[in-house]
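Accompanying notes for the structure given below.
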Amino acid sequence: MQPILTFNVSPTLPSRLEPLRRLSYNLHWDWSVETKDLFRRLDPDLWDSSRHNPVLMLGTISQERLREVAGDEGFLAQMDRVARELDDYLAERIVDEVHRAPNWFHKQRIMVGAGHLKDCFAYFSAEFGLTDSLPIYSGGLGVLAGDHLKSASDLGLPLVGVGLLYQKGYFSQYLNADGWQQERYPTNDFYNMTLHLERNPDGSELRIAVDFPGRAIYARVWRVQVGAIPLYLLDTNIEPNSSYDQDITDELYGGDIDIRIHQEIMLGIGGVKMLRALGHKVTAFHMNEGHSAFLALERMRQMIQEDHLTFAEAKQVAQSSQIFTTHTPVPAGIDLFPPDKVMYYLGSYAEVFGLSREEFLALGRENTGDLTAPFSMAILAIKTASFVNGVSQLHGEVSRHMFQGLWPELPLNEVPVTSITNGVHARSCVAKSTQDLYDRYLGPSWSDAPADNPIWDRVKSIPDEEWWRNHERCRSELTVFVRERLRKSLRERGASPTEAAKAQDVLDPSVLTIGFARRFATYKRATLFLRDLDRIKRILLDLHRDRLKGSHLDPRKHAVQFVIAGKAHPKDIPGKELIRDIVHFIRDEGMQHNIVFIPDYDIYVSRLMVAGCDVWLNTPRRPREASGTSGMKAAMNGLPNLSVLDGWWDEADYVRTGWPIGHGEDYDDPNYQDDVEANALYDLLEKEIVPLFYDRDNEGLPRGWIAKMKEAVRLNCPLFNTARMVREYATRSYFPASDRYYQMTADTYTPAKALAQWKARLFEHWYDIKIQNIDISTGSMAAGSIPADVQVNQDIAVKTWINLGALSAADVQVELYQGPVNTNGEIVDGMPVSMEFQGVDDQNSSIYTVDITYTNSGLQGLSLRVLPKHSGLSSPHEVGLVLWAHP
Ligand SMILES: *Cc1c(COP(=O)(O)O)cnc(C)c1O
C-alpha cells in the first residue's frame with residue numbers, strides 16, 4: 001500500500017537531554033572517545049545492536065531509560081562536558097578575520113593575506129568511510145576520504161565533501177558452511193542515520209536536476225556533519241525519477257557500465273550543480289580518484305554558457321583550480337568508458353564546447369590519434385588538473401611510468417605527477433585506552449603534532465609495565481570480541497548451541513597474534529602464509545624439531561595465532577577462493593584455536609584488530625599496493641609491521657619499526673616470487689619475531705618487543721597520519737590552486753583569457769623555434785673548442801644562440817640539462833639549470849649563457865632545452881611543450 005503522505009518522526013527527548021540530539025548529529029562523536037563513551041553508557045546493548053548509531057539509538061531507546069539518565073547526575077555532567085567540548089571545537093573552526101584562538105588554517109592563510117576568507121575547497125569521492133554506522137565505503141579509498149574530512153575539520157580548512165548516498169551501501173559479508181562468501185545488502189534507513197536533509201528556505205527538499213538523454217534525473221541532498229566540515233551526498237531514490245533512475249545511487253560500485261556512467265555523471269556533474277545550489281563558491285576542486293572527473297565538464301559548461309568564455313578559456317580556469325589524486329598502480333584499475341557511450345550521454349557537452357567528436361573524446365585519451373581508444377576517467381582528470389599526485393613515494397614513481405605517455409618529451413623524473421603519502425586519522429584509529437596513555441605522557445596535541453615536535457621523544461618515557469598492560473588489555477578485548485562474533489555467526493548459520501559454544505575456545509589472549517585484514521583482492525596474497533603447510537603448522541603450534549625431542553613438551557609455549565578478516569568483491573571469484581582456502585585450512589588441519597576468520601570486516605572490526613594484534617602482516621605483490629593504510633593504523637597503536645616493501649612501508653623506517661619481507665625486489669615469475677617471499681616470512685617469524693616476543697624478563701615483560709612497539713609509534717605516528725597529509729595537500733595543492741583561481745577569474749576572467757590566447761599563440765609558433773648554435777668551453781680554453789675532459793670543480797661556460805621566431809624571450813625559459821650518462825648513452829636523473837638571457841644579436845638570435853661547475857666525476861652529459869614561460873602557468877609542463885637540442 002502506498003502512503004498518501006510521509007513524514008519523519010523524530011524521537012522525543014526530555015529537555016534536559018536535548019544536547020544528545022546535537023551530539024548524535026555531528027560525526028565528531030566518532031573521534032571524541034568521551035562522547036562515544038557517553039552513548040555506550042546510555043545503553044550498552046542498544047549501542048552495539050544499533051551498530052554504534054546514536055541517531056537510531058535515540059529513536060529506539062525506551063522512555064523509561066531516558067527518564068532514568070535524565071536524573072543521573074554523573075551522566076548529565078559527562079553529557080554537558082562533551083557538549084561544551086563540541087561547541088568549543090566548532091567555535092575554534094569558524095573562518096573569520098579576527099579569530100580568538102587561530103587554528104592551523106588561520107595561521108597559514110588568513111593571517112598572512114587578505115582575500116583568503118573566500119577559500120572553499122571541494123573534495124569529491126565516490127566513497128567515504130567515516131564510521132561503521134554509515135556503510136557507504138568499500139575499503140581503503142573510502143576510509144582515506146573519511147579521514148581526510150576529519151583532519152580537514154581538525155585543521156580548520158574551509159572544505160566541503162561531495163559524494164553519493166547509496167541506498168544499499170556496501171554489502172555485509174557472511175560465510176556459508178563451506179567458507180564461501182555470501183553477500184547481504186541491508187537497506188540504509190537514511191532517516192535513522194547521522195544525516196540532515198538539505199531544504200530550501202520554504203522547507204521543501206532541496207533538489208538538483210541533471211540532464212540525461214531524453215530526461216532529467218533529480219537528486220536530493222543529504223548532509224553528514226563531520227565536525228566543522230559538511231559532507232553532501234546525492235540521492236536519486238526519489239519521485240519523479242523512473243525506477244531505473246532511482247537505482248543510480250543504489251549500490252556502491254554496483255551495476256553494469258551504464259549504471260557506472262550514470263553514477264559518475266551524477267557525482268561529477270550533479271556534484272558541481274549541487275554545490276552551486278547550496279551557495280558554495282568553490283575555489284579549488286579535488287578529485288579523489290577519477291570517478292568524479294566529469295566535474296570538469298560541468299564547470300566548463302557553466303563558464304562557456306553563462307560567462308561567455310571560449311572552450312580554451314574555460315579549460316584554463318578549470319585546470320588552474322583542479323587537483324587529481326590517483327590511487328591505482330595498474331591500468332586495469334582505471335575507469336574506462338566506450339567512446340559511443342560517452343558521446344551518447346555527454347555529447348551535448350561537446351556541442352556546447354564547440355568540439356568535434358574526436359576533439360571531445362581526446363580529453364579522455366592518452367593517444368589522441370587513436371580513435372578506437374576508450375575514454376579514460378584518469379586521463380580526463382589529469383588533463384583538467386594542475387596538480388596530480390600518487391599516494392606514496394613509490395606509487396608516485398609507478399604513476400609517472402603509467403602516465404608518461406602524456407608527456408612524451410619529458411624525462412621520467414620530470415613527469416609532473418608527484419606524490420603525497422597517505423595517512424590515517426589518529427583519534428579515529430587508536431584505541432581509547434592507548435589514546436589516554438598518549439594524552440597523559442605526550443600531551444593531548446600528539447594526534448596532529450608534526451615529526452619535528454619533541455613530544456615524540458616522550459614515547460620512550462612511558463613505563464614499560466604500563467605500556468604492556470595496556471596492550472595486553474587491547475589483545476584481550478579483541479579476543480572477547482572475536483569469540484562473541486564467531487558465536488553469533490555460527491548461530492546464524494544454524495549451528496547447535498553446543499557447537500556455537502566452541503567459539504569460546506578460539507584464540508589465547510596471551511599468544512603472539514598476527515593480524516591480516518584487507519580486501520581479498522588476489523594481488524594482496526592473503527594465503528601467502530599458507531604456502532608451506534608443514535612449516536606454518538610448526539610455527540603456529542611451536543612444534544620445532546629440537547623441542548619435540550624434549551620430554552615435557554608444551555606445544556603452546558611459543559605459539560602463534562592469526563586473526564584474519566576481509567571482503568572479496570562480489571564478482572571476484574578468485575578472491576572468494578582465497579577466503580575459502582583459509583577456512584578449509586582451519587577446518588582440515590584442526591586449527592580453530594590458532595586461526596580465525598572474522599566475518600564482515602568493517603571500520604569497527606579494523607579498529608579492534610589494529611589495536612589488539614601484535615604484528616600487522618601485509619604481503620602484496622609489489623608494487624600493486626599504492627599505499628595501504630591499515631598498517632599505519634596498526635603502527636599508531638604500537639604494532640610493528642611485517643610487510644613486503646610496498647606502498648607506504650617502502651618509505652617507513654622498516655628496520656626499527658618492524659620487519660621487511662624481502663628488499664623491494666621485482667620478480668618476473670610470480671610463482672618463484674611467492675616461494676621466496678613465503679620463505680622470508682617464515683624465516684622472520686621463526687628467527688626474529690617469535691623469539692623477541694617471548695623473550696620476557698623476570699617481571700614478565702618483553703623489553704625488546706616493547707622498545708620496538710614504542711619506535712613504531714614514535715617514528716610512524718607523526719608521519720603517516722592525515723594531519724600531516726592534509727597539511728601537505730593544503731600547502732602544496734589547495735592554496736596554490738585557489739590562488740590561481742582568484743588570479744584567473746579576476747576582472748571577469750581577463751587573465752584567463754590572456755593566458756588562453758598566449759597558449760594559442762605559443763602553439764602556433766612553437767615549432768618555428770630553432771636552437772642554432774651551442775658553445776661549450778672551459779675557462780682556460782678558447783671559445784668554440786669542445787672540452788673532452790673536465791676535472792671536478794672546473795668551470796664550464798655554455799652559450800647558445802636561439803631563433804625564437806615570432807616568440808620572444810618573455811615567452812620561454814631556456815635550460816641547460818645535465819647529469820650522469822648511463823650505459824645506453826642517456827642522461828639519467830638530469831638536473832635542469834636555468835640559462836640567462838643576454839639579449840638579441842643582429843642576426844635576430846636570442847643569446848643565453850650559464851656557467852656550471854662539475855662536482856661529480858664520471859661520464860657526464862649535457863643537453864639544452866626550451867620550455868614555455870608564463871606567470872599564470874602552474875608549471876612549465878602544464879602546456880606539454882618542450883624543445884630539446886638535437887645532437
Ligand atoms: C583501513 C581500512 C582499509 C584499508 O586497509 P589497507 O591496508 O589499505 O588494505 C580497508 N578497510 C577498512 C574497513 C579499513 O578500516
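The values are calculated or read from the model by the stated rules, or taken from the named source; none is laboratory data. Not measured: the values here are computed from a predicted model. With ideal geometry, Cβ positions are generated from the backbone for all residues, glycine too; neighbour counts draw on all protein chains shown. Quick note on the areas: whole protein, heavy atoms, side chains included, nothing else; ligands and nucleic acids left out. Shrake-Rupley method; radii C 1.70, N 1.55, O 1.52, S 1.80 Å.
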note = In order over segment 220-227: 3J(HN,Hα) from phi, Karplus 6.51/-1.76/1.60, θ = phi - 60°, whole Hz, x for each Gly or Pro, gives 9, 10, 10, 10, 9, 8, 9, x
remark   = Residue-ordered couplings for segment 357-366, obtained by feeding phi - 60° into the Karplus form 6.51 cos²θ - 1.76 cosθ + 1.60 and rounding to whole Hz (Gly and Pro as x), are 3, 6, 5, 5, 5, 4, 4, x, 10, 6
query = Which whole-number percentage describes the relative contact order of segment 430-720, with Cα contacts under 8 Å and a sequence gap of 6 or more?
reply = 22
task = For segment 578-694, would you read off the P(r) tail past 23 Å as a percentage of all alpha carbon pairs?
result = 36
query = Per residue, how many Å² of accessible area does the chain show with a 1.4 Å probe?
reply = 41
query = Check Val812: other-chain or 5+ apart residues with amide H under 5 Å from its amide H, H built from backbone geometry?
reply = Lys869
query = Normalised by the number of residues in the chain, what is the relative contact order in percent for Cα pairs under 8 Å and 6+ residues apart?
reply = 10
message = Using helices alone, I'd like the mean residue ellipticity at 222 nm for the chain: each DSSP H run of four-plus residues gives -39500 (n - 2.57), total over residue count, nearest 500.
response = -11000 deg cm²/dmol
request  = Compute the long axis of helix 432-442 from its Cα atoms, compare it with the longest principal axis of the Cα atoms of the chain, and write down the angle in degrees, 0 to 90, nearest 10.
outcome  = 60
task = Throw me the Rg/Rh for segment 15-91, computed over C-alpha atoms with Kirkwood Rh, two decimals.
result = 0.93
remark   = One quarter of the C-alpha convex hull surface, i.e. the mean projected area of the chain in nm², amounts to 44.3
key: Surrounding net charge for Pro640, when Lys and Arg each add one and Asp and Glu each subtract one, Cβ distance under 13 Å   = 0
key: 5 angstrom amide H check on Gly819, placed H, neighbours 5+ away   = Met831, Gly861
message = Whole-Hz ³J(HN,Hα) for each residue in segment 701-712, computed from phi via Karplus 6.51 cos²θ - 1.76 cosθ + 1.60 with θ = phi - 60°, x for glycine and proline: what do you get?
response = 9, x, 4, x, 5, 4, 4, 5, 4, 5, 5, 4
task = Return the carbon/sulfur percentage of the accessible area of segment 430-720, one whole number, probe 1.4 Å, all protein chains in place.
result = 50
ask   = If the cut-off is 22 Å between C-alpha atoms, which lysines fall inside it for Lys687, apart from same-chain ones fewer than 8 positions away?
value = Lys537, Lys549, Lys557, Lys708, Lys710
request  = Have a look at the DSSP beta bridges in the chain and tell me what percent are antiparallel, nearest 5.
outcome  = 60
message = Ignoring ligands, DNA and RNA, please state the percent of accessible area on segment 769-884 from carbon and sulfur, probe 1.4 Å.
response = 47
query = Rounded, prolate or oblate: which fits segment 769-884 when a ≥ b ≥ c are the square roots of the eigenvalues of the alpha-carbon gyration tensor, with rounded for a/c under 1.5 and prolate only if a/b beats b/c?
reply = oblate
task = For Lys567, Lys537, Lys150, Lys281, write out the residues from largest to smallest accessible area, computed with a 1.4 angstrom probe and no ligands counted.
result = Lys281, Lys537, Lys567, Lys150
remark   = Percent of all alpha-carbon pairs of segment 430-720 at distances over 34 Å, whole number, is 19
key: Whichever aspartates and glutamates have a C-alpha closer than 17 Å to that of Lys770, once near sequence neighbours (fewer than 8 apart) are set aside   = Glu409, Asp811, Glu815, Asp841, Asp842
